[in-house]
Amino acid sequence: MKIIDGKKISSDIRLEIKTKVEKIKRTTGKTPGLATILVGQNPASQVYIKSKIKACQDAGIKSFHHNLDEKVSKEDIIALINDLNKNSDVDGILLQLPLANNEFDKDCINAINPLKDVDGLHPFNAGLLNLSKSWNEVIKKNILVSCTPLGVIDLLNKSNISIEGKTAIVIGRSNLVGKPLSILLLANNATVIMAHSKTKNLKELCINADIVVAAIGKPKFVTKDFIKEGTTVIDVGINRTSDGLCGDVDFESIRGMDINITPVPGGVGPMTITMLLENTLKAFKNRI
Ligand code: NAP
């Protein structure tokens, strides 16, 4: 069993990002900036936002944080987004989701200037990703893609796990994780199965796959019965249980198998924040 050490890979990339930011400051006199918006006091969201702000500061990226009251109207959130869209010191805007009222999510995402959409959720960026024919094109065109899927591809690449020609199954089809990750795997020439709650024979589909990604939000859902020897297992899930944090994969049940696997914590999670920093630099470059 080989553990894919997301913490270590992520910390190496963050050092490279810090060096890139220093160079940008030296050569342009400007500092890339990321604005974060948190609505309400959701404890998990507060933890995520705190980590994102700290990661920015460590990398030398300017951070602008706005914490809005949970009763704030949609119009007021959009007014703040419009101000940030106009603010030339802000290269990226991250709206922490879900909002206290998740009926506001779509309109608020759509209000973000696509050039500053570091979560890659705006229809413009989601469309560009969908139309891209290859990973090369995604990179060349500096397309802003959702951070977690980007992080997964980077983890595979940095761990020398080839994607081309492999059969990959992604369990979960959210706009944030499952869907963009499926498109990225396809762009990397995998044969991709997108699975969801209505998928039949999920275990059989998984056991025949070379790469199994769990992005479900159900603690320890993927067990030994889903996995064959030699598979790469990517656990995106972050679940808070009475026993602490765990992923969507039942790590203990597959311990000892001849597989590559991302742990929770310390796998995909740190890469998500690292890709947010990368996307902020991409957004900076796309705007100059
Ligand atoms: P989500 O929007 O709730 O989507 C969950 C997906 O799982 C849905 O597509 C759903 O299918 C599918 N699903 C639910 N039950 C299933 C079942 N029994 N069999 C097969 N598929 C099933 O969640 P998300 O935002 O994608 O997040 C997924 C997990 O990743 C969560 O634990 C979240 O906390 C974690 N996450 C981690 C990071 C990170 O940085 N590591 C980042 C983002 C999210 P339907 O579409 O049919 O309902």
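The values are calculated or read from the model by the stated rules, or taken from the named source; none is laboratory data. Since the structure is predicted, the reported quantities are computational estimates derived from the model, not experimental observations. When we count neighbours, we look across all protein chains shown, and the Cβ atoms used for this are built from the backbone with ideal geometry, even at glycine. Just the protein is used for accessible areas: all its heavy atoms, side chains included, with ligands, DNA and RNA removed. Shrake-Rupley method; radii C 1.70, N 1.55, O 1.52, S 1.80 Å.
Structure above, values below:
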item	result
Lys, Arg +1 and Asp, Glu -1 on Cβ, resulting dipole of the chain about Cα centre, debye, nearest 20	660
Label-point separation in nm, residue 242 to residue 134, each point 7 Å along Cα→Cβ	5.4
Packing rank of 186-194, 37-45, 167-175, where each peptide gets the mean count of other beta carbons within 10 Å, highest leading	167-175, 186-194, 37-45
Extension gain, residue 66 back to residue 223 (0.36 nm per residue minus Cα-Cα distance, nm)	52.5 nm
Most mobile listed residue (123, 114, 32) in the chain, GNM with C-alpha springs under 10 Å	123
5 angstrom amide H check on residue 191, placed H, neighbours 5+ away	165, 166, 167, 168
Highest to lowest packing among 160-166, 207-213, 230-236, 2-8, scored as the average C-beta count within 10 Å	230-236, 207-213, 2-8, 160-166
Beta bridge orientation in the chain: antiparallel %, DSSP, nearest 5	10
When each of 18/71; 20/141; 23/166; 166/200; 71/106 is checked by Cα-Cα distance, pairs over 26 Å	18/71; 23/166
Protein accessible area in segment 146-269, 1.4 Å probe - carbon and sulfur %	50
Charge dipole (the chain, unit charges on Cβ, about Cα centre) - positive-most of 233, 17, 222	17
The chain, accessible area per residue, ligands and nucleic acids excluded (1.4 Å, Å²)	48
Cross-link table 7/218; 86/218; 198/224; 50/158; 54/203, entries beyond 29 Å C-alpha to C-alpha	86/218; 54/203
Label point distance in nm, residue 106-residue 141, each placed 7 Å from Cα along Cα→Cβ	2.4
Fully extended contour minus Cα-Cα distance, from residue 159 to residue 51, at 0.36 nm per residue	36.4 nm
Farthest positive-ward along the chain dipole, Cα basis, beta-carbon charges - from 193, 72, 88	88
Kyte-Doolittle mean at least -1.0, axial Cα span of 20 Å or more - DSSP H helices of the chain	6-28, 43-59, 268-287
Debye, to nearest 20: dipole size of segment 146-269, +1 on Lys, Arg Cβ, -1 on Asp, Glu Cβ	380
Unit charges on C-beta of K, R, D, E only; dipole of segment 29-113, Debye	320
Unit charges at the beta carbon, dipole of the chain: most positive-side option, 46, 247, 147	147
Stretchable slack from residue 1 to residue 15, in nm (0.36 nm times residue separation minus alpha-carbon distance)	2.3 nm
